[in-house]
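In what follows, a single structure is set out as structure tokens and then discussed.
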Amino acid sequence: MIILKQVLTSALTMALLTPFLTFFFNRSLQKQKRNFEQELEHLKNYLQLEFSHEQEKLNQKRNVYKELINAMIVFSKARVSEDERIMYQNNFLKAYDNSWLWASEEVLLAVTNFIDFKISVYGDFSASDEAREKELISECIFVIRKDIGFEDTILTKDHYRFINF
């Protein structure tokens, strides 16, 4: 009889406590779920902002690189008339300055190598220098392509062609 009394008391206690324990346990889980959802939302917002920032930088780089490449044709005498030369020179200088704000180090090194070459042959430009000039321009274009996202390309700088009409 004592055992039956203890079993009934335990069963009654369990029956009364189970809803309270379930309520508090579920409440704790819901609170944890809300906290997790809030943290997830914060992380999602952060990643979206970071992606947006990276996309903006890439777009700015593309614009600067486009201006730089378009202005570099000033170094090809056959592609720019004497009337346009001053305008292209100014465009190159502006694009070069902008590239120091937005370009990757690899691009800046390639452009600097090209400029150093141009300085070294100033006034004494030979046919072999023309080949080296084209090689350095191709290198600039190739490094720029890689920097804006064409990293897994089968192309090399040797695939770029110079065409004069």
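Working only within the range 64-92, note down all residues that are touching a helix residue (DSSP H, G or I) at 6+ places or on another chain (Cβ under 8 Å) and without any contact (Cβ under 8 Å) to a residue 60 or more places away in the chain.
Within the range 64-92, VAL64, GLU67, ASN70, ALA71, ILE73, VAL74, VAL80, ARG85, TYR88, GLN89, ASN91, PHE92 qualify.
Name the residue, out of ARG62, ARG27, ARG34, that is of a type in the set (Lys, Arg), assigned to a helix (DSSP H, G or I) and within 30 Å of PHE92 (Cβ to Cβ). Write out each step before concluding.
Details: ARG27 fails: within 30 Å of PHE92 (Cβ to Cβ); ARG34 fails: within 30 Å of PHE92 (Cβ to Cβ).
Step by step, each of ARG62, ARG27, ARG34 is checked, and only ARG62 is of a type in the set (Lys, Arg), assigned to a helix (DSSP H, G or I) and within 30 Å of PHE92 (Cβ to Cβ).
Across the range 119-139, which residue is nearest to ILE163 (Cα to Cα) among those that are part of a helix (DSSP H, G or I) and β-branched (Val, Ile, Thr)? Explain how you work it out, then say what you get.
At the first step, the residues of the range 119-139 found to be part of a helix (DSSP H, G or I) are 119-120, 127-139.
Subsequent filtering for residues that are β-branched (Val, Ile, Thr) retains 119, 137.
Details: ILE119: 24, ILE137: 13 Å.
Checked the range 119-139; the qualifying residue nearest to ILE163 (Cα to Cα) is ILE137.
Of the conditions (1) modelled with pLDDT under 90; (2) open to solvent by 90 Å² or more (accessible area, probe 1.4 Å), LYS66 clears all except one; give me its number.
With (1) modelled with pLDDT under 90; (2) open to solvent by 90 Å² or more (accessible area, probe 1.4 Å) applied to LYS66, the lone miss is (1).
Residues that are out of contact with any helix residue (DSSP H, G or I) (no Cβ under 6 Å at 6 or more places or on another chain) and either under 16 Å from ILE137 (Cα atoms) or surrounded by fewer than 10 Cβ atoms within 10 Å (Cβ to Cβ) (or both): does the range 30-49 have at least one? If you could, list the steps in order and put the result at the bottom.
If we filter the range 30-49 for residues that are out of contact with any helix residue (DSSP H, G or I) (no Cβ under 6 Å at 6 or more places or on another chain), which is where we start, we get 30-49.
If we keep only those that are either under 16 Å from ILE137 (Cα atoms) or surrounded by fewer than 10 Cβ atoms within 10 Å (Cβ to Cβ) (or both) too, we end up with none.
Looking through the range 30-49, none of the residues is out of contact with any helix residue (DSSP H, G or I) (no Cβ under 6 Å at 6 or more places or on another chain) and either under 16 Å from ILE137 (Cα atoms) or surrounded by fewer than 10 Cβ atoms within 10 Å (Cβ to Cβ) (or both).
For the range 117-143, which positions are touching a residue at least 40 places away in the same chain (Cβ under 8 Å) and of a type in the set (D, E, K, R)? Spell out how you get there, then give the answer.
Kept after step one, since they are touching a residue at least 40 places away in the same chain (Cβ under 8 Å), are these residues of the range 117-143: 118, 133, 137, 140-141.
If the condition is that a residue be touching a residue at least 40 places away in the same chain (Cβ under 8 Å) and of a type in the set (D, E, K, R), then LYS118, GLU133 are the ones that fit.
Can you confirm whether PHE150 is of a type outside the set (S, T, N, Q), over 23 Å from the mean Cα position of the chain (by Cα) and open to solvent by 40 Å² or more (accessible area, probe 1.4 Å)? Steps first, please.
Working: of a type outside the set (S, T, N, Q): yes; over 23 Å from the mean Cα position of the chain (by Cα): no; open to solvent by 40 Å² or more (accessible area, probe 1.4 Å): yes.
No.
The values are calculated or read from the model by the stated rules, or taken from the named source; none is laboratory data. The structure displayed is predicted, hence computed values, not measured ones. Don't worry about glycine lacking a Cβ; one is built from the backbone with ideal geometry, like all the others, and counts go over all protein chains shown. Just the protein is used for accessible areas: all its heavy atoms, side chains included, with ligands, DNA and RNA removed. Shrake-Rupley method; radii C 1.70, N 1.55, O 1.52, S 1.80 Å.
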